[in-house]
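Data first, discussion second: the structure below is written as structure tokens.
The values are calculated or read from the model by the stated rules, or taken from the named source; none is laboratory data. The structure presented is a predicted model; accordingly, all values stated were derived computationally and were not measured. Quick reminder, even Gly has a Cβ in these numbers, built from the backbone with ideal geometry, and neighbours come from all protein chains shown.
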Amino acid sequence: MKIVRTDAFKKDFIALSRNIQKTFEEKIKLFMLDIKHPSLRVKKMKGHKNRWEASINMFYRFTFEKHEEFYLLRRIGPHDDILRNP
């Protein structure tokens, strides 16, 4: 499945530390292999029809949508920020 990033995701990603960027790159590979992998802790976001969140680590998350041919990465950042601006 293909990955598409929103402009907001790209902007969020650039603002992250290099360490978190590297951790995300490892997690996105895992995500592509097995979206249900326990370390990703994927769950549907309340109040949204097609919005999900996944863990990078205990503090950072990324949000995405599932589409037939691709995943749309929407936002990335600290958990509380992601919940305020999904």
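So here's what we get for this one:
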{"read-out": "Residues that are within 12 Å of the chain's Cα centre (by Cα), of a type outside the set (A, V, I, L, M) and loosely packed, with under 13 Cβ neighbours inside 10 Å, drawn from the range 30-43", "value": "41, 43"}
{"read-out": "Subset of the range 41-86 [closer than 13 Å to residue 12 by Cα and in contact with a Ser or Thr (Cβ under 8 Å, 6 or more places away or on another chain)]", "value": "60, 61, 73, 74, 75, 76, 82, 86"}
{"read-out": "Matching strands (runs of 3 or more DSSP E) fully within the range 8-86 where at least 1 residues are of a type in the set (A, V, I, L, M) and touching a residue at least 60 places away in the same chain (Cβ under 8 Å)", "value": "70-78"}
{"read-out": "Selection within the range 53-76 - more than 14 Å from residue 27 (Cβ to Cβ) and surrounded by 13 or more Cβ atoms within 10 Å (Cβ to Cβ)", "value": "65, 66, 70, 72, 74, 75"}
{"read-out": "Filter pass, residue 25 being in contact with a strand residue (DSSP E or B) (Cβ under 8 Å, 6 or more places away or on another chain), at negative phi, at pLDDT 95 or above and not hydroxyl-bearing (Ser, Thr, Tyr)", "value": "no"}
